[in-house]
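J.: One structure is given below, represented as C-alpha cells, and several questions about it will come after.
Values quoted throughout were computed directly from the atomic coordinates according to the rules given, and no laboratory measurement underlies them. From a predicted model like this one, the values you see are computed outputs, not experimental measurements. Because the Cβ atoms are built from the backbone with ideal geometry, glycine has one as well, and the counts that use them run over all protein chains shown.
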Amino acid sequence: MSGVLLFLVGVLTLAGIYAILAMILNLEAGWAGMWDLGLAGLVAVGGYVFIITTQQTHDDVVIAPGWPIWAGVIAGSVAGGIVALVIGIPSLRVRGEYFLITTLAFAEVIRQLSINLGSVTRGTVGFNQFSRPFDSWVSGSGYRWLLLGLVWLVVLIVNLVMRRLGRSPYGRLLRGFRDNDPVARSLGKHTNKHRIQTFVFAGLMYGAVAPLYVWFIRTVTPSLFTSEVTFVTWTALVIGGIASMRGPVIGALILLIVTEAAALVQGLGEMAVVLASVRFIVLGIVLIVVMRFRPEGLASEREAFASASGRLQQ
Amino acid sequence: MSGPILAVHGVTKLFGGVAAVRGVDMTVQPRSISAVIGPNGAGKTSLFNVVTGFEEPTEGTVRFQGDQVTGLEPWQVAQRGLIRTFQTPTGFPALSVWENLMVGGSRGPDESLWAAFRGGWQAADISTHERARRLLDDLGLWDLRDTLLADLSPGDVKLVDFARQLMAQPVMLLLDEPASGVDPGSIERLGNLIRQVREQGVTVLVIDHNIGFVLGIADQVHVMSLGQVIASGTPDEVVRDPEVIEIYLGRSA
C-alpha cells in the first residue's frame, strides 16, 4: 500500500515539474509565439551546470568547484539564459519555422556534447551521487514528500509570476505580435527585442528549475534530456490549453497521471516492456480526444483573458 | 516648422524587373488631409510600404519632418510619429477591441518584461484607458470593447485598426483604404473622425477606392497610375484633369 502511495507521490512530483516547464513554454510559445522545440536542451544546460558546479563526490572530472546548492541553481539559471541569448539572436531574426528547427537542433547538440565531453560531464555514465537540498533533515522516503512540497511550491510561484506577466502590458503586447508582427511594428514596437528578452527569460527559468528534475531523478545522464522532455511538455501544454492561464498545470497533471497510471499495474514483470510503450499510446489518445472535442485545450486563452477592460478599474 | 512634413523624392521600387513605383515625387503639407487615388496596381500601397520602412526603395529618399527616414526599420519610423494602417482588416485577433487599443496606446517602458515584474504601469494604463474609451465612444464601438477582434465583422475591424493606430499618437497618419468594407453609416463617422484628427494637428494621408469619400475629406489629391503620379491638385482640379478622367472612366466615345 505504501508502495502505491510513494508511487503516487512520485507521479505528482513529476507532474509538478512538467507543469513548471509547460508554464514557461506557455510564455514563450503560447503568448510570444516562439515555438521552442529545444527546451530539453535548456533544461539540460541548467541541470549539468548545476551538478558540475555543486557535486563533490566524483573527483574524476576536470571542473568541480564544489559550490553550495544555491550557487549552483543560480549558475544553472544564468547558463540557461546565456545559451538562450546565443541561440536566440541568430534564429529569431528569421522567424517561425527557422526558430523551430534551430532549437530542435540545439537540443541535440547539447545532448551530444554531454555524451562526448566526458572529462566534464562523465559521458553516458553521468553523475549519480550528489547532495540535494535539506538532504540531512529527512531520510529516505520522507525526502519524496519534501520534494513534492518543494516542487508544488515552485509551481505556485511560477504560476503567480505568469499571471502577473500575462495580464501586464508586456503580456498583452506578446499576444498581439504573436499573431500580427507587422501591425505591432507599425505601432513602433521593437518586436524582436521583446522576443529575445522573452526567450532569454525562458532560458533563465528553464535553467533555474532544472535542478528540481535532477533531484527527482537522482542521476544526471544524457538520456535524461532527450526530446521526450520537450514533447511531453508540449503535449501537456496543448491538452491544457495553449496561451491560457491554468492550462499548463491542468494539462501536466492530467497527462502525467494518465500515462503513469499504466505503471500501477504491478507484479507483471513480463508486461513491463508492453506497459512502457502503452504510455505513448495513451498520450496519443489523450491528445487526439482533446483536439477533437476541445481544440483550444481544456482551459482556453479566450477564458483566461475575458473582459480585460473590466479588470483595470478594480 | 515650415515646408512639407513628408517629402518623397524620386522613389522607385522594383520587384524583380517590375516597377511598382516609378520615380515618385510627392510632398505633404503639415496639418493637411491628402489623398492618393488610382486604380488597383497603381503602386499606392507600395509607396506606403516604402514611406513607412516596410520596403526599402530601390532608388530615392523619404524625408519626414526634415529627417531622412529611408533605411530605418518600420518600428523606428513609427516611433518618429509616422503611423500607418493596413489595407486588409487586420490587427491582433486574439485580443479584445479594448486590448487592441491599449497596445496601440502603450509606450515602450511600460511594456517591458521588467515593468511587468515591477508593476508601476497601472497609472499609464488608466490614462491610456481613458483615451481608448473616448475613441471607442466616438466610433460607436464601446459596447464591443470586450469582443475579440477575431469575432468582429471586417468593417468593424477596419474601424478598430484606425482607432488602434490613432492611439499611438501619430504626428502623421497614413490610412490604407480605411473605408473599404465599412458600412455607409460608419463611413460618415470615420470621415468626421479623420477631420477631427486633423483639427488636433495630425497630418493625414489616405488611400482609398471610394472616390466620393476621399474627395469629400481631402485638401490635396495625388493620382497614381502604373507606379507614377500623373496628377496632383485640389479635388476640384483633379476631377477635371483629362488624364484622370480617362483612367477612371475610360475614353468617352
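J.: Can you work out the Karplus-derived ³J(HN,Hα) for every residue in segment A:104-114? Use 6.51 cos²θ - 1.76 cosθ + 1.60 with θ = phi - 60°, whole Hz, and x for glycine or proline.
T.: Calculated HN-Hα couplings, in order: 4, 5, 4, 4, 5, 4, 4, 5, 5, 4, 5 Hz.
J.: Considering Cα pairs under 8 angstrom that are at least six residues apart, work out the relative contact order of segment B:6-249 and quote it in whole percent.
T.: Working: 455 pairs, mean separation 67.9, N = 244.
Computed value for segment B:6-249: 28 percent relative contact order.
J.: Which ordering of A:W137, A:W145, A:W31 is given by a fewest-first count of other beta-carbon atoms within 10 Å?
T.: A:W137, A:W145, A:W31
J.: Can you pull the mean other chain C-beta count within 10 Å for peptide B:93-103?
T.: Mean shielding by partner chains, rounded to a whole number: 6.
J.: In addition: Which ordering of A:M245, B:M102 is given by a fewest-first count of other beta-carbon atoms within 10 Å? Write out the running numbers ahead of the final one.
T.: Details: A:M245 22, B:M102 25.
Arranged by neighbour count, lowest to highest, A:M245, B:M102 become A:M245, B:M102.
J.: How crowded by other chains is B:47-56, given as the mean number of beta carbons from other chains within 10 Å of each beta carbon?
T.: Averaged over the peptide's residues, the number is 1.
J.: Here's another thing I want to ask about it. Taking the highest mean first, how do the peptides B:77-90, A:157-170, A:230-243 order by number of other beta carbon atoms within 10 angstrom per residue?
T.: Ranked from most to least packed, the peptides come out as A:230-243, B:77-90, A:157-170.
J.: Right, here's the next one. Output wanted: per-residue J couplings in Hz (rounded whole) for segment B:39-50, from phi through Karplus 6.51 cos²θ - 1.76 cosθ + 1.60, θ = phi - 60°, x for Gly and Pro.
T.: 3J(HN,Hα) across segment B:39-50, in whole Hz: x, 4, x, 6, x, 5, 5, 4, 4, 4, 4, 5.
J.: Counting Lys +1, Arg +1, Asp -1, Glu -1, what net charge surrounds A:Q56 among other residues with beta carbon under 15 Å of its beta carbon?
T.: Summing Lys/Arg as +1 and Asp/Glu as -1 gives -1.
J.: What does the extension gain come out to for A:V289 and A:E228, with contour length at 0.36 nm per residue minus their alpha carbon separation?
T.: Details: separation 61, 0.36 × 61 = 21.96 nm, distance 2.06 nm.
Extra length available between A:V289 and A:E228 comes to 19.9 nm.
J.: Still on this model: Considering Cα pairs under 8 angstrom that are at least six residues apart, work out the relative contact order of segment A:2-223 and quote it in whole percent.
T.: 40
J.: How do the peptides A:104-116, A:11-23, A:41-53, B:115-127 rank, highest first, by the average count of neighbouring beta carbon atoms within 10 Å per residue?
T.: A:41-53, A:11-23, A:104-116, B:115-127
J.: Compare the peptides A:297-307, A:278-288, A:174-184 by average per-residue count of other Cβ atoms within 10 angstrom and give them in order, highest first. Walk me through the numbers on the way to the answer.
T.: On the way: A:297-307: 17.9, A:278-288: 14.3, A:174-184: 22.1.
In descending order of packing, they fall as A:174-184, A:297-307, A:278-288.
J.: While we're here: Can you pull the mean other chain C-beta count within 10 Å for peptide A:24-37?
T.: Values: counts 0, 0, 0, 1, 0, 0, 0, 1, 0, 0, 0, 0, 0, 0.
Mean partner-chain Cβ count within 10 Å for A:24-37: 0.
J.: Given only helices, namely DSSP H runs of n ≥ 4 each adding -39500 (n - 2.57), what is the per-residue ellipticity at 222 nm of the protein assembly as shown, to the nearest 500 deg cm²/dmol?
T.: Only helices count here, giving -17500 deg cm²/dmol.
J.: So what are the ³J(HN,Hα) numbers for segment B:156-173, from phi and the Karplus equation (6.51, -1.76, 1.60; θ = phi - 60°), rounded to whole Hz, Gly and Pro as x?
T.: 5, 4, 4, 5, 5, 3, 4, 5, 4, 5, 5, 4, 6, 6, x, 7, 9, 10
J.: Still on this structure: Sort A:L256, A:L117, B:L148 so that the residue with the fewest other Cβ atoms within 10 Å of its own Cβ comes first and the one with the most comes last.
T.: So the ranking, lowest neighbour count to highest, is A:L117, B:L148, A:L256.
J.: In the neighborhood of B:P109, defined by Cβ-to-Cβ distances under 13 Å, what is the net charge if each Lys or Arg adds +1 and each Asp or Glu adds -1?
T.: Net local charge, B:P109 excluded: +1.
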